[in-house]
Amino acid sequence: MTINDIATLACNECGDSGAEMLAYVKTQVRMKYEILYNSHPWEEAQIQPHYEFPAQAALAVPNSLAFWMPQILPLQIDKVLWAKGSLDNGASFPLRLNPRTRAWIEKVDEGTILTQSNTPQPRYFFHGQPLGFPAYSPLVLTFTPVGTASQITLTVEGRTTAGLEVVEDLTVNGTSPISTINSYAEVHGIQKTVSGGVPIVVTASGSTVTATIQTVDQKLRYTVLVLWPAYTGSPSLTLRVGGKLKVDRLTDNNSTPRISGLHTALYYFARAAVHGKQKQWDLEDADSKKTEEIFTKLVEFEMASEAAFQQIIPVQTDDPVGVWDYSW
């Protein structure tokens, strides 16, 4: 079902199919869908196939002998669900990287910190601070419209090379490129005032990496995966990750929510939105409860399905002939 289908059906059944109510319900459904999407690692939201790439080089920690190893992922990836490493150019992936928090690593496994004379293999990963531009120390950013832009306002937030946190506004108009006044050590975010217009290519004086703000984008936000400990040895490291895609924004009335199981839940939420606008509180409460009930059952079903594949686990015994014991 499309956003228009869900909203129209709910409005018709609730006796108010006016244009104002329909527009209101579509807005509410889009917001609710994003909340439900972000609350669970849905199977239909996971990237297929997995993402495989040469690991980006470790970076020196300022004023320290230690290194850290951030990996800036493609724009469409929101969260990393699992990660593996290879030291034979991807022929095999024996390095299993376990998800941990940075605080846990420091408290439990502080020996993993890497210095100039130590090259252990990565064992953990965690999420770093997201970036608005996919490179560290990009310095001056230049925005070039692909076509003729009409008063597109961009907001750049970041830390300058002087260590100052700044917010800078620029207006892209016509076909001419425009550059930031500040030189950035790290860009936290790039926001666009409205969707639409023309694509805008972002280049940096301190990096060969580029980014593109598409017409449907309202911001650039790159997920950062951090490997720990950092790896500076040889052979080179190749990574394979499974991730969750960013939410589909449903910008068009004919957009269909990616998570098919949520269509019914969104229908009942649309009904609740109409009833709330009509001040029919009991009906709004009933439909809201139905929405949460369907959502909870969907999550439980996915978790139960995942658990079902883990019931039989092959365990190798101490038997010298290598007998396999399939234990429940």
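The values are calculated or read from the model by the stated rules, or taken from the named source; none is laboratory data. The structure displayed is predicted, hence computed values, not measured ones. Neighbour counts run over all protein chains shown; Cβ positions are idealised from the backbone, glycine included.
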Selection over region 68-90 where residues are closer than 19 Å to Ala57 by Cα, surrounded by 18 or more Cβ atoms within 10 Å (Cβ to Cβ) and in contact with a Ser or Thr (Cβ under 6 Å, 6 or more places away or on another chain) yields a count of 2
Scanning region 222-245 residue by residue, those charged (D, E, K, R) and either touching a helix residue (DSSP H, G or I) at 6+ places or on another chain (Cβ under 9 Å) or outside the structural domain of Gln56 (by TED's automatic domain parsing) (or both) turn out to be Lys244
### Query
Is it true that Val241 is more than 27 Å from Ile105 (Cα to Cα), touching a residue at least 60 places away in the same chain (Cβ under 8 Å) and either surrounded by 16 or more Cβ atoms within 10 Å (Cβ to Cβ) or of a type outside the set (A, V, I, L, M) (or both)?
no
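The rows are residues; the columns are (1) touching a residue at least 40 places away in the same chain (Cβ under 8 Å); (2) of a type in the set (A, V, I, L, M, F, W, C).
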| residue | (1), (2) |
| --- | --- |
| Val247 | yes, yes |
| Leu250 | yes, yes |
| Ser255 | yes, no |
| Arg258 | yes, no |
| His275 | yes, no |
| Gln280 | no, no |
| Glu284 | no, no |
| Ser288 | no, no |
| Glu293 | no, no |
> Could we say that Asn98 is assigned to a loop (DSSP other than H, G, I, E, B) and either under 23 Å from the mean Cα position of the chain (by Cα) or over 30 Å from Thr215 (Cβ atoms) (or both) here?
Replying inline: no
Only one of (1) out of contact with any Lys or Arg (no Cβ under 8 Å at 6 or more places or on another chain); (2) modelled with pLDDT of 90 or more; (3) in a loop (DSSP other than H, G, I, E, B) does not apply to Val209, and that is (3)
Those strands (runs of 3 or more DSSP E) completely within region 1-91 that have 2 or more residues that are touching a residue at least 40 places away in the same chain (Cβ under 8 Å) and among the small types (Gly, Ala, Ser) are 77-86
